[in-house]
1. Would you kindly state how much longer the chain becomes between I399 and R75 on full extension, computed as 0.36 nm times their sequence separation minus their alpha carbon distance, in nm to one decimal?
2. Scan the stretch 309-388 for chymotrypsin sites (Phe, Trp or Tyr not before Pro) in coil per DSSP, keeping those whose Cβ has at most 16 other Cβ atoms within 10 Å, and list them by number.
3. Apply 1/(1 + (r/R0)^6) to the Cβ-Cβ distance of A295 and R437, taking R0 = 60 Å, and write down the FRET efficiency to the nearest 0.05.
4. Between V283 and R235, what is 0.36 nm times their sequence separation minus the Cα-Cα distance? Round to one decimal in nm.
5. If neighbour count is taken as other Cβ atoms inside 10 Å, put I347, I415 in order from fewest to most.
6. Which of the three applies to the stretch 224-455, rounded, prolate or oblate, going by the alpha-carbon gyration tensor with a ≥ b ≥ c and a/c under 1.5 meaning rounded?
7. Based only on other Cβ atoms within 10 Å, what is the fewest-to-most ordering of T90, T322?
8. Considering only C-alpha atoms, what is the centroid distance from the stretch 338-403 to the stretch 152-216, in Å?
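Values in this text are rule-based calculations from the coordinates and carry no lab data. As the structure is a computational prediction, the values presented were derived from the model and not from experiment. Positions of Cβ are backbone-derived with ideal geometry, glycine not excepted, and every protein chain shown enters the neighbour counts.
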Amino acid sequence: MPVPVPRQRDTSATESGQAVLHTAAPAVAATGVAQATPQTTAPHTTPLTLLVIEDDPAGGLTVPEILDADGHRIRLRTARNLTEAERLLTPDVHCILLDLSLPDASARTPGATANGSVNGAAGTVNGTGTATAVDQLLALRQVLRIAPRHAVLVLTGEDDVERAAEAVRVGAQDFLFRDELDGRLLSRAIRYAVERKRADIAQYKLAESKLRAQENARLERGLLPTPLLEGSDLRFAARYRPGRSRALLGGDFYDTVRTPDGTVHAMIGDVCGHGPDEAALGVELRIAWRALTLAGLCGDDLLATLQEVLEVERPCEEIFATLCTVDIAPDGRRAGLCLAGHPAPLISRPGRRARLLPYENSGPALGLLPRARWPRRQVELGGTWSLMLYTDGLIEGRIGEGKERLGQDGMVDMINRHLDRGLSGEGLLEASVTEARRLNGGELTDDVAVVLLSRAEG
């Protein structure tokens with residue numbers, strides 16, 4: 001005689017006093033249930049609820065009382081048809097009990113015709129009402145389709161082991177033998193099925209998260225820019241962190257290219273907002289900036305053209321973008337700076353404290369004013385220097401639990417502390433973003449992009 005799967009597990013001591021489940025008749029109908037999200041609270045803190053779909057008018061399944069491991073009574077609901085089951089399958093239902101041997105299980109399945117035939121790949125029911133094994137799993141398939149997050153137990157006879165095993169392969173959490181069923185066995189099987197379903201859902205979410213992370217990494221490699229600095233003696237480093245949970249890219253963007261005359265052009269920008277539309281617009285502006293820069297545009301002409309691109313591509317007129325552009329002369333000792341509503345870059349030199357570059361007379365953000373102008377300011381860099389461009393996500397994080405923000409002055413102090421420790425390049429950027437997150441008490445809510453260009457004379 002085959003041994004039912006639930007009896008192969010140990011019985012806890014708390015189950016020994018539970019009442020018996022009496023089965024006055026072996027018929028328990030299962031035609032379908034309505035979709036709902038089951039209760040996710042652990043079963044030892046909330047009483048379990050079992051839904052039985054029962055089409056026997058005499059109430060063939062009698063359940064005086066079933067107790068869970070903590071002595072709570074397992075609540076029972078009985079539905080006689082699909083309509084009633086749809087009403088009774090509320091979010092507090094944890095498990096569904098389904099009998100596989102009902103003679104009318106297939107006839108009640110959607111797709112059945114008046115003469116008893118069922119159309120579809122699952123099988124057929126002949127005119128005499130005799131159904132194949134595959135046909136009798138149609139009710140289970142219906143339950144799994146409309147209640148994908150609920151645990152499901154199937155009930156069958158001892159001579160139907162193959163069909164019971166197939167039911168588990170289709171998606172049921174376990175099977176029980178009708179003639180050997182009692183309260184202790186059923187309560188244990190219910191708790192096992194609920195926990196197994198939770199584990200299956202958690203495993204699925206974990207696998208989904210890993211696949212998403214892999215895909216995001218591939219997309220990020222394709223969407224984030226590769227600096228074009230061949231032939232330049234400048235060193236480049238960058239850090240990017242989107243503010244949205246599970247996001248690939250935010251509205252921040254940056255790029256760096258070297259034109260044939262030896263000038264190195266760097267840019268960083270921020271589209272207002274944090275959604276996918278803003279992220280897509282940021283990528284469009286970055287690509288447009290690179291194309292226009294390589295075509296020879298610079299300063300005010302470049303920003304005016306980018307504003308035209310923004311006005312055409314933005315999803316609504318309220319969208320704007322801030323921008324900072326720097327063009328570094330071929331000798332590396334001076335640069336032109338244009339600010340379009342963006343924070344000024346930070347420069348550090350050996351033996352001096354890091355400071356912000358001048359930001360007076362900067363122009364407005366792109367998309368705010370038609371026919372705006374953006375003056376270009378000449379900046380002396382010197383022989384050895386590091387220039388850091390950043391978005392406001394780095395400086396708008398809070399300090400502790402209060403409302404005070406890091407701000408530009410706090411960022412300058414933070415950078416100077418890291419420079420005093422001898423940090424530079426990638427290490428400097430990583431330490432700065434990490435400290436900003438720590439001061440904020442967790443992840444920064446805004447996107448963060450930081451670019452560092454460095455030159456060592458001699």
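1. 111.6 nm
2. Those that pass, being in a loop and sparsely packed, are Y359.
3. Given R0 = 60 Å and the Cβ-Cβ separation, E is 0.95.
4. Full extension from V283 to R235 adds 14.9 nm.
5. By the 10 Å Cβ count, ascending: I347, I415.
6. oblate
7. T90, T322
8. 59
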